[in-house]
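So the structure is just underneath, and the comments pick up after that.
Readers should treat all values here as calculations from the given coordinates under stated rules, not as data from a laboratory. This one's a predicted model, so the numbers in the text were calculated from it and none came from an experiment. Cβ placement follows ideal geometry from the backbone for every residue including glycine, while neighbour counts extend to all protein chains displayed.
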Amino acid sequence: DEWSIDYEPSGGFESLRRAAIELASTDTPVAFPTETVYGLGADATRSSAVRAIFAAKGRPADNPLIVHVHSIPQLRELLGRSDSSDPIPEIYKPLIRKFWPGPLTIILPSPKDSILAPEVTAGLSTFGARMPRSILALALIKLAGVPLAAPSANASTRPSPTAAEHVKDDLHGLIRTIIDGGPCEVGVESTVVDGLSYPPTILRPGGVTIEQLRECPGWEGVVGYKDSPEKRTRPKAPGMKYRHYSPKATVVLYEAGTALPNAQGILEQVANHTSIGIIRTKGWPLALGLSIDWNNGLAQQKNGVPKSMPIAKRTLLENDNKKESGISNLLRSVIQHQTPHPEHFTLEKGVNSPIDLWDVDLGTQIDGVARGLFSTLRELDKKGVEVIFVEGIDDRNGGDIAAAVMNRLRKAAEVKI
Ligand code: TXA
Ligand code: MG
């Protein structure tokens with residue numbers, strides 16, 4: 001088998017060494033864990049290797065890649081020689097001190113004689129750089145001896161991979177090696193910032209929050225990223241214009257505080273579906289009750305079924321040994337279920353048209369929501385759901401990574417409510 005995922009902890013260093021050799025001696029990219037999402041890495045100084053990343057992902061060539069470094073001296077090499085002074089722009093120094101290694105990407109000027117392959121920057125005069133804090137990532141970059149260009153290791157448009165298995169699902173047959181570091185700690189990508197223009201700007205919200213950035217000298221006035229429904233003509237981070245983070249299912253996103261709709265609002269949306277997913281965060285345990293009542297309404301309206309008929313029948317799947325039935329038990333078990341794995345129910349929509357309902361509770365902690373989001377979208381896809389209703393979280397205070405979560409969800413969603 002051409003394929004290798006290295007699960008062997010004791011083989012850790014050996015597999016990193018082999019991966020480094022593969023990076024140096026072939027053009028095939030290697031997938032590796034970072035604290036944010038898995039990356040698909042290649043020698044950033046070699047065009048043929050960088051082009052192979054774009055090919056494996058199916059990524060548009062005008063979307064530049066982030067360059068990953070393991071040390072500050074390695075970053076300086078990318079900035080070229082400046083006779084006496086440090087080539088790292090002053091504005092970034094407090095950020096580097098505070099957030100590196102970590103989920104922050106900074107935009108830097110490319111020198112004329114840059115050692116980076118031109119494909120990395122997609123024709124821009126700048127490049128993005130970050131030092132990840134995953135020890136496996138740092139070790140791999142160091143062993144490779146070159147900076148690694150690495151986008152997220154998903155097929156283009158799919159949700160970013162937060163486990164080795166996700167990479168395998170997307171890129172099987174296209175790459176040879178995935179370093180398995182287990183599930184990612186952060187779960188959403190790095191924050192991309194531009195400190196070269198004034199005022200400094202967030203180009204993509206991510207693992208470092210706007211509140212944390214504002215604590216740094218020179219960054220008090222950093223401008224946040226605004227998700228906007230209209231298409232911007234020329235997004236500053238080219239990647240932000242593409243359809244992204246999308247499962248196969250249609251995502252219907254409810255902004256924070258919007259109740260899961262009752263009968264009328266949702267009738268058409270579900271009418272044609274037999275399998276739906278619900279991703280809940282805070283307020284919907286209650287609303288799910290409404291949706292079950294509402295289902296009764298739907299059954300009545302569509303089929304004229306009497307109100308007293310049993311409207312929810314739980315199908316026991318997936319090691320579920322609780323032999324419970326009835327709505328209150330069903331709701332209790334849903335509310336207690338804290339892990340991001342779907343629970344399965346069959347709701348009787350009408351006599352002959354059951355709805356498969358996959359219910360996921362990501363919990364009330366924002367960090368947990370971020371960690372579980374992409375894997376849940378992928379998991380629901382595997383269950384074959386046609387539509388996913390997602391309960392959004394409040395992203396207005398800036399103190400947590402809700403902005404990153406909602407940014408990804410708004411991009412994934414086809415319907416926004
Ligand atoms: O957490 C992360 O950043 C992950 C891990 C693997 O490090 N990487 C990642 O890469 O998310 P990617 O390629 O999926 O997203 C890179 C983003 C894109 O939105 C791209 O347009 C932007 O960074 N970007 C890269 N270089 C840029 C530049 N010179 N100017 C503006 N935006 C840039
Ligand atoms: Mg990506």
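Numbers below:
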{"quantity": "Over region 4-236, relative contact order from alpha-carbon pairs under 8 Å, at least 6 apart, %", "calculated": "28"}
{"quantity": "Listed residue pairs exceeding 21 Å between alpha carbons, taken from 168/248; 168/416; 248/382; 93/411", "calculated": "168/416; 93/411"}
{"quantity": "Loop trypsin sites (Lys or Arg not before Pro), region 37-110, which have at most 13 other Cβ atoms in a 10 Å radius of their Cβ (DSSP)", "calculated": "81"}
{"quantity": "Counting DSSP beta bridges with both ends in region 4-236, the antiparallel % (nearest 5)", "calculated": "55"}
{"quantity": "Cubic angstrom per residue, convex hull over Cα atoms of region 4-236", "calculated": "125"}
{"quantity": "Taking 16, 373 and counting other C-beta atoms within 10 Å, the order from fewest to most", "calculated": "16, 373"}
